[in-house]
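Here the structure comes first, spelled out in structure tokens, and everything after it is commentary.
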Amino acid sequence: MERKVIISGANGFVGSHICEIALEKGFNVCAIVRNKSDLTYLKNLPIQLIEVSSISPIELGRAFRDYKDVNGEPDFFIHNAGLTKAKKADDFKRVNVNLTSYFLEAIKHTFPSLKKFVFMSSLAAHGPGDEKTMTEISESETDNPNTLYGKSKLEAEELVKNSGLPYIILRPTGVYGPRDKDYYLMLKTLLSGIDPQIGIKQQSISFIYVTDLAEALLTTLTHSVTNETFIISDGKSYTNKEYSSLAKNQLRVKAFILPIPQLLVLFIVRLVELFSSFSKKTPTLNYDKYLTMKAKNWKCSNMKIRTVTGWAPKINLDQGLKLSINWYKQNNWIK
Ligand SMILES: NC(=O)c1ccc[n+]([C@@H]2O[C@H](COP(=O)([O-])OP(=O)(O)OC[C@H]3O[C@@H](n4cnc5c(N)ncnc54)[C@H](OP(=O)(O)O)[C@@H]3O)[C@@H](O)[C@H]2O)c1
């Protein structure tokens with residue numbers, strides 16, 4: 001029998017890839033979106049849509065009852081919707097925490113037989129690793145998020161753990177790939193001929209290619225494991241210089257290295273925040289982002305998910321950059 005899954009945040013970067021991989025694996029996919037959501041990446045997919053004007057307890061109750069009348073209960077729910085950047089601290093709480101609570105309550109009420117609730121959290125919920133020892137972050141360490149985003153994800157994780165539903169929490173590190181707009185900005189900067197390197201000490205960063213993340217998620221859905229938290233990364237770590245050197249190589253550009261003192265970055269961030277307060281757009285560069293860039297240790301281990309589920313990443317950073325850059329070129333995001 002077809003396995004039914006409902007996915008929130010399905011029209012975004014990560015969500016649209018989850019939909020595609022779920023379809024490839026034979027799931028019956030339903031996306032819950034807002035009626036103002038941009039559906040560009042979903043329009044050619046054979047999925048069902050639940051459209052709501054906003055994610056509220058009343059709207060969810062109605063939408064879930066309608067779904068159940070037609071399809072019966074879903075097997076799985078993937079709560080992937082979330083804010084990675086916000087203009088106001090309250091926005092993280094309003095979206096990352098409150099939405100999670102609305103989904104959990106509506107599911108407990110309407111889909112009591114749900115087999116698994118997967119929550120897309122983030123490595124930010126753990127916070128950076130020790131900068132003296134530079135040991136890899138793992139699931140057994142105490143969480144200490146250093147950003148408002150990370151704190152909101154950790155608070156949402158607690159709701160999931162206390163919900164009584166069978167759950168899986170995923171904590172991906174930086175996700176990149178086709179359709180991503182954040183790492184894309186770094187590639188654009190390199191293409192402009194500048195390779196900014198912040199601070200004196202190099203940062204250790206980690207990555208996961210978006211389809212590998214989607215595969216990891218779907219592996220945890222069908223595996224018998226429940227009530228566990230998994231870090232997701234490709235298992236390697238890179239310095240900023242190593243990352244930009246791989247990217248420059250794939251882009252075939254010679255950007256010159258521009259060292260930028262940390263304090264100057266902070267000054268720029270504050271200026272960007274000031275100017276953006278007059279516009280509706282949320283800037284990619286903000287104080288949370290500054291704190292993320294300032295932390296030197298984002299190395300993390302993927303051993304737990306590999307050992308428990310047998311999942312393994314397929315795409316390394318060099319291959320993933322090549323695939324992403326090809327996509328940006330084909331879609332005229334870069335020349
Ligand atoms: N990208 C990364 O590097 C990364 C790393 C770790 C974890 N994550 C997590 O992965 C998930 C997806 O992120 P992404 O990078 O794919 O971001 P994205 O492209 O911005 O997608 C975010 C999704 O969440 C939905 N959403 C946001 N605010 C909402 C609201 N108030 N009500 C309903 N839906 C809302 C968006 O719907 P609309 O289009 O309608 O706004 C969109 O579908 C997030 O939970 C994020 O925290 C991402």
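Numerical summary
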{"quantity": "Residue list for the range 267-319, filter: among the charged types (D, E, K, R) and part of a helix (DSSP H, G or I)", "calculated": "ARG270, GLU273, ASP288, LYS289, LYS294, LYS304, ARG306, ASP318"}
{"quantity": "Condition check for ILE208: within 30 Å of VAL5 (Cβ to Cβ) and either outside any helix (DSSP H, G or I) or out of contact with any Cys (no Cβ under 7 Å at 6 or more places or on another chain) (or both)", "calculated": "yes"}
{"quantity": "Subset of the range 13-34 (residues that are farther than 19 Å from SER56 by Cα, within 15 Å of the ligand (Cβ to nearest atom) and open to solvent by 30 Å² or more (accessible area, probe 1.4 Å))", "calculated": "PHE13, GLU20"}
{"quantity": "Verdict on ALA86 being outside any helix (DSSP H, G or I), within 13 Å of the ligand (Cβ to nearest atom) and surrounded by fewer than 22 Cβ atoms within 10 Å (Cβ to Cβ)", "calculated": "yes"}
{"quantity": "Search result, residues across the range 89-122 that are of a type in the set (Ser, Thr, Tyr) and more than 10 Å from the ligand (Cβ to nearest atom)", "calculated": "SER101, THR110, SER113"}
{"quantity": "Tally of residues being touching a residue at least 60 places away in the same chain (Cβ under 8 Å) and either open to solvent by 40 Å² or more (accessible area, probe 1.4 Å) or within 13 Å of SER138 (Cβ to Cβ) (or both) across the range 307-318", "calculated": "5"}
{"quantity": "Residue match in the range 93-102 (condition: in a loop (DSSP other than H, G, I, E, B) and not aromatic (Phe, Trp, Tyr))", "calculated": "no"}
{"quantity": "Residues being open to solvent by 10 Å² or more (accessible area, probe 1.4 Å), of a type outside the set (Gly, Ala, Ser), more than 10 Å from the ligand (Cβ to nearest atom) and within 16 Å of ALA106 (Cβ to Cβ) - total across the range 35-65", "calculated": "7"}
{"quantity": "Number of the exception - VAL175 against (1) over 23 Å from THR309 (Cα atoms); (2) open to solvent by 10 Å² or more (accessible area, probe 1.4 Å); (3) within 14 Å of the ligand (Cβ to nearest atom); (4) of a type outside the set (S, T, N, Q)", "calculated": "(1)"}
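Here is a yes/no grid of residues against (1) within 21 Å of TRP298 (Cβ to Cβ); (2) open to solvent by 60 Å² or more (accessible area, probe 1.4 Å); (3) in a helix (DSSP H, G or I):
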| position | (1), (2), (3) |
| --- | --- |
| PRO196 | yes, no, no |
| THR219 | no, no, yes |
| GLU242 | yes, yes, yes |
| LEU246 | yes, no, yes |
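The values are calculated or read from the model by the stated rules, or taken from the named source; none is laboratory data. Computed from a predicted structure; not experimentally measured. Here Cβ is always computed from backbone atoms with ideal geometry, including for glycine, and neighbour counts include all displayed protein chains. When the accessible area is computed, the model is the full protein with side chains, heavy atoms only, and any ligands, DNA or RNA have been set aside. Shrake-Rupley method; radii C 1.70, N 1.55, O 1.52, S 1.80 Å.
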